[in-house]
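> Below you'll find the structure I mean.
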Amino acid sequence: MERVKLESLSLAHSLSDKPLPPSPLIPTSLEGGKVSDRLSKLKCNSENWKQRIEQTDAKKFTVAGRLQKKAQSPVELQFERSPNDAAKKCPMLEVRSANQPQLGLAKSPSMMVTSTANSNSKNTLRSLSVNPEEEVPSLSRSNSSSSDSDGERTSPQNAKQNKELANTKSAAAPTNVGARIQVPRLDDKETFENFFATKPKVEESVELEISAFDDIKPTERLVSKRHVQGPKGRRAARNPLKSLAAREDITSEYTEMKTGVAERELRRLKMESYGQNTNLAAEAIAGLASIEDFKSVALRSSSIPLQQMWLPHKPVMLLHVKGRTHVQTRLVEPTHTSLNRGDCFILVAGSQLFRYVGSFANVIEISRSKKICAAILENKDLGCTASQEVILTDGKYLNERQWSQFWKLLGKKEDDTSEISDCGHADEDDVFESSLIETNKIYEFQDEALVPLDKYWGCIPKVDMLDTRKVLVFDFGSELYVWNGKNASSDAKRAAMRLAQEHFGAENGADYAECYLNPLNYVSIVGRRENTKYAKRTAQRPEWCVLGKITQNMETVLFKEKFSDWPELEREDLEKDYLANGVHVVRALNGTALHKGEPYEEPNLVLEQANLGRGNFYYDTDTMRHFDVITKSTDKWQIHEFNFDAAPAREDYGHFYSAESYIVRWIYQISVTVRELSGKVSNRSTVGRDRCVYFTWQGQDSSANEKGAAALLTVELDKEKGAQLRVSQGDECTAFVRLFPQLWQHRGRKEQCLERRNQWRLYQIQGNVTEETLIKEVDCQSRQLRSRSSMLLIHGSQGSVLVWHGAKSAPHTRSVALKAAQDLVEQVPKDLFSSDKVKLAEQEEGSENEDCKRALGLTADVDYGSLLKSTKSFDYQIRIFNFSSTQGVFKALELSDPLRCQDLNSPYPFSQGQLYNARQPTIFLLDDGDELWLWMGWWPLEDIKINTDERSSPTNDNRAGVNRWISERRAALETAVGYWRAKHGENEKEAFHGIKGQVVWAGLEPLAFRALFPDWTERADVREINEEDGRTDAPTTIAEMLAQMTQTEYPLEVLKARPLPEGVEPTRLEVYLNAEDFQVALGCSRAEFEQLPIWKQTKLKKERGLF
């Protein structure tokens, strides 16, 4: 028994830290010593390995680490909030108008229940006034300070609790749909007794004498007395009003539900009363009821900006991007004192966009500011028309001119030597972020008031709160937005805007005394500041604040930034795709499907849900019905800047001028014919009503005023309430061209053309049939001649018409040109001729007479791309495809000729404007039968030109866009190879299946490419851009370009030179080095380099000049 006790005691001491007493049963001379010693050695060795491992250096690269390295971090935060303090939000007060209009009968006070957003709050109904401004000193806060409400807090690094507390939502008090209305009580003194007032009883005194009783006559006595007994158990009658008032199960108030059913029903009955005797639709009746007079519209000059009301932006805006978890983007005062080195700032000023990146800004702020600028540039948001952002940093890439423009916009004087404030404490991002969120005030318009939303008060807004039937008001201090749902009533929108305007301009309207900071002037204490005092109450919102009206689906990027889950801002950044997958994320298209294309479709104009086809007939294959389009009349008006004139004669209807605008009215009918069972066309047909369409034709050189006047005057002329269609020069449909025998398009104005009648003028013929003839004036020079076309050379004073036929002009093209020339001889229009007689002559290419050569300046050394000696057959249709990935997906769109015919080939179906008017940079693939052409656009520059050195610097170069542009070019080249293989078959013997094609750059097109278009104008500005990027007009085949862009290895000297070779990604130059050059360039092997973090790889590449 004694031995068992000793063994138990030994085991207990082995599990404790106390030394074991000597035991005779346990020998001390065994190897290893005591068990406790061995356990302590094991525990010590388990901790010693940490001392042999180098301490992590991750903290050195955070904002706190960088501040500590620079010895610039303040000891204390310059803000009066501790990290564990409770949230402080603004009091939830309703906003009602101080001058409410008395419309109709007001409800009595007993029927109205004063409602607040929080039933437990002691706040009363808000009148638009706040206590006078007071200065609140900013106390230096310590990390060890405690909160009065939460007791002592020992964790100074718990700033995230503030954001979680700011994001919590309280759903205890649901929002009311309508006002609370009290039911009148039956015993209500105010409702009943005061309204149904009883007349006072008037007592009349009558004096009687004793003798008056003698006049009473005796009556006959009853012989018997009958007792009538009621039913047993019947209770005595009680007052029903009192019993009803004594009931407790009947509620004394109810919530008024505004469904709008009664209003809609009244509106429907009213519309039915208007159209009960007509066959017009409701929209047509509403249009006829319009009494707007467009003659009273006074057009303004296009140079004067439009005065729009309640725009959600200002001419100059300074956006402050600050935070770490839910980054806040706030509008601050546009002055140089608002900047600090710890955050990012965005300056939006019309055609200029600057982004200042502080040297101590965290990576989240930098990424968020970059996305905001990208959204502004992409959507031209916030009134910004800049094409590129200018990045300003404290690093080595400094530009005095850009800095001077930046300071000038912020109002900094040249003699002002003050510098940008240093950054604040490393933890201030979290503190300011949570404090700004708590100042958010969100209202809903209800019952002629702005009612606070308790669920989102002092929290981050969510997309779920945006109801299409509601009108919401967001007050962010310096920004106040009225958000209108698309299904909200117009009355609610106007009333909410009126209340918001009154609230925005109210005296002492910005009261943030109960919050930690004031969102109007918080920027004055961000960073290291000498003066840490600021006012929590502002007497009047400054001029730089924004009061804006926002319609659903038209939100600005500044408004979207306030939401934590806005869908558009959660998409993956393109740069992350490049780092993960390189530029190969843009993949080539299927060449076989591209070559197959879509089935041929006839031109079809759809007006008023009716198919008009080419303007003469339409056959519906589904219903087997034939629709004939019958023209009743055509009228034309010329538009001036402030009025319009009718065309003088119908003979001049077909003449249009590129510097003018016109309105053409077409009245037509549709005749429907069906087929019999035998398949023959039936003799019976049905003719429909008269239909009307107004075409607004706008010349390519017409002024903006005339284009706007044409749109307004079209509405005034449209008495028939028909369809309206805008037609730009070069986009005419077949139905419009068929309204005229020939559609002539002259250059300039009519007065200028009349003065040129004593000169030779050259016209290009377009159209494949005589009914669809379009004749366009081009420069009277030999370089505009086209061998596949027929052209008209006209001299007005001499009365001479020369029909010039190209060597490869098709028979149908010749007939169209000859028919147009014969009509000129017969009609002799005054727009072209000053003589009374006209003579006609034909000229073939290569055998022109001296007059024709002299008129065109045609000499032996002039080359216009003639096909006179060509043996190529041109019995094919030119095809053109546009490659683009602007929507995030690389795709191809085939363009079609608006005057196309299925059995006739158009010689020149496309124009130069389709290439240059597309969004740049872009790529076009042109199929010219036995040869392909890849037309590459240009990289657009900002309005202020910058030199090559500045463009190549990281502060001015959009590296993500450059990578995307490279990937699109590579994908287009590979798609062209697949297209060639699908058209001509596989050819394994030659590289890239023996593709025949060339790559041309915008502004540097060769003559053979320019000859594929009806006319061509040199673009010197585009040529200069591409030449600065290292492009040349030297012919480059598609195979050579693709081989160069797929090359995987370059010498080190080539990668350090500028410009880089085609296809080289500027952010991944190290992948093109071989093993030896890699070791020399970066000082380590490729395997060692790949083991480094991405930020260290970037730093090493910058140091070695490979970035």
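> Looking only at the range 1008-1031, filter to residues that are open to solvent by less than 30 Å² (accessible area, probe 1.4 Å) and outside any helix (DSSP H, G or I); which one of those is nearest to I775 (Cα to Cα)?
That would be P1014.
> Taking the criterion of being over 19 Å from F656 (Cα atoms), among the hydrophobic types (A, V, I, L, M, F, W, C), modelled with pLDDT of 85 or more and open to solvent by 10 Å² or more (accessible area, probe 1.4 Å), would at least one residue in the range 765-773 satisfy it?
Looking for residues that are over 19 Å from F656 (Cα atoms), among the hydrophobic types (A, V, I, L, M, F, W, C), modelled with pLDDT of 85 or more and open to solvent by 10 Å² or more (accessible area, probe 1.4 Å), one finds at least one in the range 765-773, hence yes.
> Among the listed residues E444, E433, identify the single one that is under 30 Å from T259 (Cβ atoms), of a type outside the set (F, W, Y) and touching a residue at least 12 places away in the same chain (Cβ under 8 Å).
Result: E444 is the single residue among E444, E433 that is under 30 Å from T259 (Cβ atoms), of a type outside the set (F, W, Y) and touching a residue at least 12 places away in the same chain (Cβ under 8 Å).
> In the range 452-463, which residue that is within 16 Å of E94 (Cα to Cα) and either open to solvent by less than 10 Å² (accessible area, probe 1.4 Å) or free of Cβ contacts under 8 Å to residues at least 60 places away in the same chain (or both) is farthest from the chain's Cα centre (by Cα)?
Of everything passing the filter in the range 452-463, P452 is farthest from the chain's Cα centre (by Cα).
> Assess whether Q742 counts as being surrounded by 17 or more Cβ atoms within 10 Å (Cβ to Cβ) and either at pLDDT below 80 or farther than 22 Å from H640 by Cβ (or both).
Yes: the conditions hold for Q742.
> May I pose another question? Identify, please: which residue in the range 1053-1070 is in a helix (DSSP H, G or I) and in contact (Cβ under 8 Å) with a residue 40 or more places away in the chain and is, among those, farthest from W1001 (Cα to Cα)?
Within the range 1053-1070, the match that is farthest from W1001 (Cα to Cα) is K1056.
> Ok, one more. Do any strands (runs of 3 or more DSSP E) entirely within the range 738-818 hold 1 or more residues that are touching a residue at least 60 places away in the same chain (Cβ under 8 Å), and if so, which?
By residue number, 743-746, 760-766, 774-778, 790-795.
> What is the one condition in (1) in a loop (DSSP other than H, G, I, E, B); (2) free of Cβ contacts under 8 Å to residues at least 24 places away in the same chain that Q822 does not satisfy?
For Q822, the failing item is (1).
> Before we move on, is L466 crowded, with 22+ Cβ neighbours inside 10 Å and among the aliphatic types (A, V, I, L, M)?
No, not satisfied.
> Condition (residue is more than 24 Å from V463 (Cα to Cα) and among the basic types (K, R)) applied to the range 538-554: is it met by at least one residue?
yes
> Checking N553 against (1) more than 21 Å from P312 (Cβ to Cβ); (2) open to solvent by 30 Å² or more (accessible area, probe 1.4 Å), which single condition isn't satisfied?
Unmet for N553, out of (1) more than 21 Å from P312 (Cβ to Cβ); (2) open to solvent by 30 Å² or more (accessible area, probe 1.4 Å): (1).
> Out of Q798, Q752, Q759, I need the residue that is touching a Ser or Thr at 6+ places or on another chain (Cβ under 8 Å), more than 26 Å from P898 (Cα to Cα) and open to solvent by 40 Å² or more (accessible area, probe 1.4 Å). Which one?
Matching residue, one of Q798, Q752, Q759: Q798.
Residue-wise test of (1) touching an Asp or Glu at 6+ places or on another chain (Cβ under 8 Å); (2) in a loop (DSSP other than H, G, I, E, B); (3) buried (at least 17 other Cβ atoms within 10 Å of the Cβ); (4) not assigned by the TED database to the domain that holds H336.
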position	(1), (2), (3), (4)
L480	no, no, yes, no
R498	no, no, no, no
E507	no, yes, no, no
R529	no, yes, yes, no
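> Can you pull out every residue in the range 368-398 that is polar (S, T, N, Q) and surrounded by fewer than 17 Cβ atoms within 10 Å (Cβ to Cβ)?
Across the range 368-398, the qualifying residues are N379, T385, S387, T393.
> Now for a different question. How do the pairs read when you match residues in the range 246-263 that are within 13 Å of S489 (Cβ to Cβ) with residues anywhere that are modelled with pLDDT of 75 or more, using Cβ under 8 Å and keeping only pairs 6 or more apart or on different chains?
G260/S489
> If I filter the range 893-907 for residues that are open to solvent by less than 30 Å² (accessible area, probe 1.4 Å) and hydroxyl-bearing (S, T, Y), do I get at least one hit?
yes
> Please indicate, with yes or no, whether at least one residue in the range 1060-1068 is within 37 Å of the chain's Cα centre (by Cα), under 30 Å from N362 (Cα atoms) and among the acidic types (D, E).
Scanning the range 1060-1068, I find at least one residue that is within 37 Å of the chain's Cα centre (by Cα), under 30 Å from N362 (Cα atoms) and among the acidic types (D, E), so the answer is yes.
> For L1082, work out the one condition from (1) in contact with a helix residue (DSSP H, G or I) (Cβ under 7 Å, 6 or more places away or on another chain); (2) among the hydrophobic types (A, V, I, L, M, F, W, C); (3) under 28 Å from G937 (Cα atoms) it doesn't fulfil.
If we test L1082 against (1) in contact with a helix residue (DSSP H, G or I) (Cβ under 7 Å, 6 or more places away or on another chain); (2) among the hydrophobic types (A, V, I, L, M, F, W, C); (3) under 28 Å from G937 (Cα atoms), just (3) comes out false.
> Name, by its number, the condition in (1) of a type in the set (K, R); (2) assigned to a loop (DSSP other than H, G, I, E, B); (3) modelled with pLDDT of 85 or more that does not hold for K549.
(2)
The values are calculated or read from the model by the stated rules, or taken from the named source; none is laboratory data. These figures come from a predicted structure and were not determined experimentally. Positions of Cβ are generated from backbone atoms using ideal geometry, with glycine treated the same way; all protein chains shown enter the neighbour counts. Remember, those area values only see protein heavy atoms, side chains included, never the ligands or the DNA or RNA. Shrake-Rupley method; radii C 1.70, N 1.55, O 1.52, S 1.80 Å.
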